[in-house]
Amino acid sequence: MLQVGKRAPDFDMPSTKDMKGLKENVRLADYKGKFLVMFFYPLDFTFVCPTELKAFSAKYDELKKAGAEVIAVSTDSVFSHRAWINTPEDKGGLGSLNYVLASDITKDVSRDYGVLMEDKGIALRGLFIIDPDGILQYQVVHSLNIGRSVDETLRVLEAIKTGGLCGADWKPGQKPLTV
């Protein structure tokens, strides 16, 4: 069962790491020693999804500086991912990203992370932060209509990294609570 504080479920998914051949998978083991922000989104070529993917791409350097890598996952194929990236934005495309998209075409990873809508065959908007040792440190799931905040993801990542007690509205640079 997926739970914060427990080992994150392993994965091995096709990805857009190799945009030309689409032959390079992403695995949880690839991110050992780094924080991983992995977020699921419902479908390529939709409405809320590109706002999230572009927002995470725009703040990718900040996430990297905080010691994290990013993967976005949907149940679409890597071929759909590539087409979406390569389609001009004015024609409903995504444009380039600073991180890879992974394909959970089997739906196994979405199921393992508890975000698969079985009746629709798509993932809810789940976001997970996995620490350098492969332990799940944070999870949040939104409905299909609500995008996630990259700033909040960065705040939570920095809070996790303190190793301390971070109260409500804690901000990076503030000291954790003392007991």
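The values are calculated or read from the model by the stated rules, or taken from the named source; none is laboratory data. As the structure is a prediction and not an experimental result, all values here were calculated from the model. So basically every Cβ, Gly included, is an ideal-geometry build from the backbone, and we count neighbours across all protein chains shown.
Tabulated data for the structure shown
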item	result
Qualifying residues in the range 122-146 (those that are of a type in the set (S, T, N, Q) and either touching a Cys at 6+ places or on another chain (Cβ under 7 Å) or outside any loop (DSSP other than H, G, I, E, B) (or both)) - the one nearest to C166 (Cα to Cα)	Q137
Unique residue being without any contact (Cβ under 8 Å) to a residue 60 or more places away in the chain, touching a strand residue (DSSP E or B) at 6+ places or on another chain (Cβ under 7 Å) and in a loop (DSSP other than H, G, I, E, B) when the list is G173, G167	G167
Residue that is surrounded by the fewest Cβ atoms within 10 Å (Cβ to Cβ), among those in the range 94-116 that are touching a Pro at 6+ places or on another chain (Cβ under 8 Å) and farther than 25 Å from G21 by Cα	D112
Matching residues, the range 148-165, being buried (at least 20 other Cβ atoms within 10 Å of the Cβ) and either touching a Pro at 6+ places or on another chain (Cβ under 9 Å) or hydrophobic (A, V, I, L, M, F, W, C) (or both)	V150, L157, A159
Index of the failed condition, R7 passing every other in (1) within 20 Å of V141 (Cα to Cα); (2) buried (at least 21 other Cβ atoms within 10 Å of the Cβ)	(2)
Any hit, the range 71-80, residues being under 11 Å from M13 (Cβ atoms), in contact (Cβ under 8 Å) with a residue 24 or more places away in the chain, part of a loop (DSSP other than H, G, I, E, B) and of a type in the set (D, E, K, R)	no
Flag for K91 being exposed (fewer than 14 other Cβ atoms within 10 Å of the Cβ), among the basic types (K, R) and farther than 27 Å from D133 by Cβ	yes
For V179: the one exception among (1) surrounded by fewer than 14 Cβ atoms within 10 Å (Cβ to Cβ); (2) part of a loop (DSSP other than H, G, I, E, B); (3) at pLDDT 95 or above	(3)
Residue within the range 133-145 that is at pLDDT 95 or above and in contact with a Ser or Thr (Cβ under 8 Å, 6 or more places away or on another chain) present	no
Cβ-Cβ under 7 Å pairs, at least 6 apart or on other chains, the range 129-150 side on the phi < 0 side of the Ramachandran plot, far side among the acidic types (D, E) and surrounded by 15 or more Cβ atoms within 10 Å (Cβ to Cβ)	Q137/D131; G147/E52; R148/E52
